[in-house]
Amino acid sequence: MAGTNDMTVDEFRDFLNSWGANQDLWPVENAPAAANLLVRSVEAQALFKAAAALDALLEAVPQPELSDSLRNRVMALGPQDRKVSTIGTTSLTERMTAFFGALMRPAIAGAAVAGIAVGIGISTLGGLSGLEREAPQTVAVTAPISTASPTTVTAEASETENSQTLFADSLGGGYTPNLAVFSETVSDDRQDSGFQQANFALY
Amino acid sequence: MPRDGNLFGQLRRRSETDGRESDDSLLSRVARDESAAWAVLVDRHLGPVTRYANWILRDNAAAEDVAQETFFRLTKKASEWEPGGASLKTWLFRVARNLCIDRKRAKTALPIDTIEDTPDSDNAFEVDRRIDIEKAVQLSLEKLPERQKTAIILVHFEGFSGNEAAKALDISVEAVESLLARARKALRIDLSGALPDLLGE
């Protein structure tokens, strides 16, 4: 009977015995033939009514509700938000690099401005006594990494007799920030050449 | 003329053609660690899988364990899922069914203790009629062999087509028809005693 438009009453009985009276469940290849017979056969309609009665009883069976706790547990099995998974799967170096990429640029820019200001100040003070000039000067620039982290980076410019070194303090965990730590010689005659701006080629 | 039919089945069948994102597409997104796609898959399939396991095991906690394990296996499968191959729906039920069978083998048949106070013939009509019907049908379903019960659950409760049920059960469509026919016949005989008026007996 498959695929034909004709179905006998006996075939229709077998068909209903398997698939019931819900036409949405009927196999598409047999549904047209079954529907045709149903329209024109009183006997088929009686069979249909009996099958529908059993279907109605099956529908009476309650469907249990899905628990929230199960859904939560299953949700936790799958991928999580990228923000969370990134922290869980990347190295400390990668994470800190990301931090710097997002947050340190303004801080470094600030440090550069401060450095320029210091340079200008030193240049201005160039006429002071040698004792004053030889005294170490320290400029500390503190930039918060984020509002969620108390970690700070301190860029300290320490002027010694012949050199000026800026170093970034450690961030813990052996992490070496991807700072191009600069150490440049500042000649004693800087007041003539002016303050040499540091190269902040961070990335 | 035909009544409205099984609402669950209708809704499920309709939902498969309503233009929503396919399971294959969602799985490929899950493989790319997209949590939103996972949420859609869970909301689409967790309920039916859990209901099925509950029907087979008649133990809520065990059914939830099976559902959870089924979806855990899906997370491992997502990256190697082949679009256009087996449907996710049949894959999930196949995994869940195997897990249920394993559990039933490990633990001898569970008592039907989740069905309360089966009404006997003396007091059946002293309690709410609807509850009587539910319990009677549940008991009759319980008596079915596992394969017949699975066929009934997949087709009549979860709206599987014959092909889908055949794949989930790893048998032919003809074998599914045979299981359904035997199951419905057994249900009719069993329920005709308890609910003759509702079956037109």
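Screening B:Phe160, B:Phe125 for residues that are among the hydrophobic types (A, V, I, L, M, F, W, C) and modelled with pLDDT of 90 or more leaves exactly one candidate, B:Phe160.
Could you tell me how many of the residues in the range A:34-59 are facing chain B (nearest Cβ under 9 Å), surrounded by fewer than 12 Cβ atoms within 10 Å (Cβ to Cβ) and not aliphatic (A, V, I, L, M)? Residues meeting the conditions: 0. Scan the range A:4-21 for residues that are within 8 Å of chain B (Cβ to nearest Cβ) and closer than 15 Å to B:Glu177 by Cβ and jot them down. Correct list: A:Asp14, A:Asn17, A:Ser18, A:Trp19, A:Gly20. Any residue in the range B:137-153 that is within 12 Å of chain A (Cβ to nearest Cβ), modelled with pLDDT under 90, out of contact with any Gly (no Cβ under 8 Å at 6 or more places or on another chain) and crowded, with 17+ Cβ neighbours inside 10 Å? Scanning the range B:137-153, I find at least one residue that is within 12 Å of chain A (Cβ to nearest Cβ), modelled with pLDDT under 90, out of contact with any Gly (no Cβ under 8 Å at 6 or more places or on another chain) and crowded, with 17+ Cβ neighbours inside 10 Å, so the answer is yes. Only residues that are crowded, with 21+ Cβ neighbours inside 10 Å and either farther than 19 Å from B:Asn98 by Cβ or facing chain A (nearest Cβ under 10 Å) (or both): list them for the range B:166-183, please. Correct list: B:Val176, B:Glu177, B:Leu179, B:Leu180, B:Ala183. Residue pairs whose Cβ atoms lie under 6 Å apart, separated by 6 or more positions or on different chains, with the first residue in the range B:149-161 and in contact (Cβ under 8 Å) with a residue 12 or more places away in the chain and the second not hydrophobic (A, V, I, L, M, F, W, C), are B:Ile153/B:Tyr52; B:Glu158/B:Pro48; B:Gly159/B:Gly9; B:Gly159/B:Arg12; B:Gly159/B:Arg13. Within the range B:23-49, being of a type outside the set (A, V, I, L, M) and either outside any helix (DSSP H, G or I) or over 22 Å from the mean Cα position of the chain (by Cα) (or both) holds for B:Ser25, B:Ser28, B:Arg29, B:Arg32, B:Asp33, B:Glu34, B:Ser35.
For the range A:1-54, the set of residues classified as within 57 Å of the chain's Cα centre (by Cα) and hydroxyl-bearing (Ser, Thr, Tyr) consists of A:Thr4, A:Ser18, listed by residue number.
Would you be able to tell me the number of residues in the range B:45-68 that are touching a helix residue (DSSP H, G or I) at 6+ places or on another chain (Cβ under 6 Å) and of a type in the set (D, E, K, R)? Of the residues in that region, 1 qualify. Tell me yes or no: at least one residue of the range A:60-68 is loosely packed, with under 14 Cβ neighbours inside 10 Å and more than 8 Å from chain B (Cβ to nearest Cβ). Yes: the range A:60-68 contains one or more residues that are loosely packed, with under 14 Cβ neighbours inside 10 Å and more than 8 Å from chain B (Cβ to nearest Cβ).
Hey, any hits in the range B:194-201 for a residue that's modelled with pLDDT of 75 or more, out of contact with any Asp or Glu (no Cβ under 9 Å at 6 or more places or on another chain) and outside any helix (DSSP H, G or I)? Taking every residue of the range B:194-201 in turn, none turns out to be modelled with pLDDT of 75 or more, out of contact with any Asp or Glu (no Cβ under 9 Å at 6 or more places or on another chain) and outside any helix (DSSP H, G or I). For the range B:73-91, the count of residues that are acidic (Asp, Glu), outside any helix (DSSP H, G or I) and more than 12 Å from every other protein chain (Cβ to nearest Cβ) is at least one.
For residues that are in contact with a helix residue (DSSP H, G or I) (Cβ under 6 Å, 6 or more places away or on another chain) and either more than 9 Å from chain A (Cβ to nearest Cβ) or surrounded by fewer than 17 Cβ atoms within 10 Å (Cβ to Cβ) (or both), tally how many sit in the range B:34-44.
So the first thing to find is which residues in the range B:34-44 are in contact with a helix residue (DSSP H, G or I) (Cβ under 6 Å, 6 or more places away or on another chain), and the list is B:37-38, B:40-42.
Next, from what is left, pick out any that are either more than 9 Å from chain A (Cβ to nearest Cβ) or surrounded by fewer than 17 Cβ atoms within 10 Å (Cβ to Cβ) (or both): B:40.
Looking only at that region, the number is 1.
The values are calculated or read from the model by the stated rules, or taken from the named source; none is laboratory data. This one's a predicted model, so the numbers in the text were calculated from it and none came from an experiment. A quick note on method: Cβ atoms are made from the backbone with ideal geometry, for glycine too, and the neighbour counts reach across all protein chains shown.
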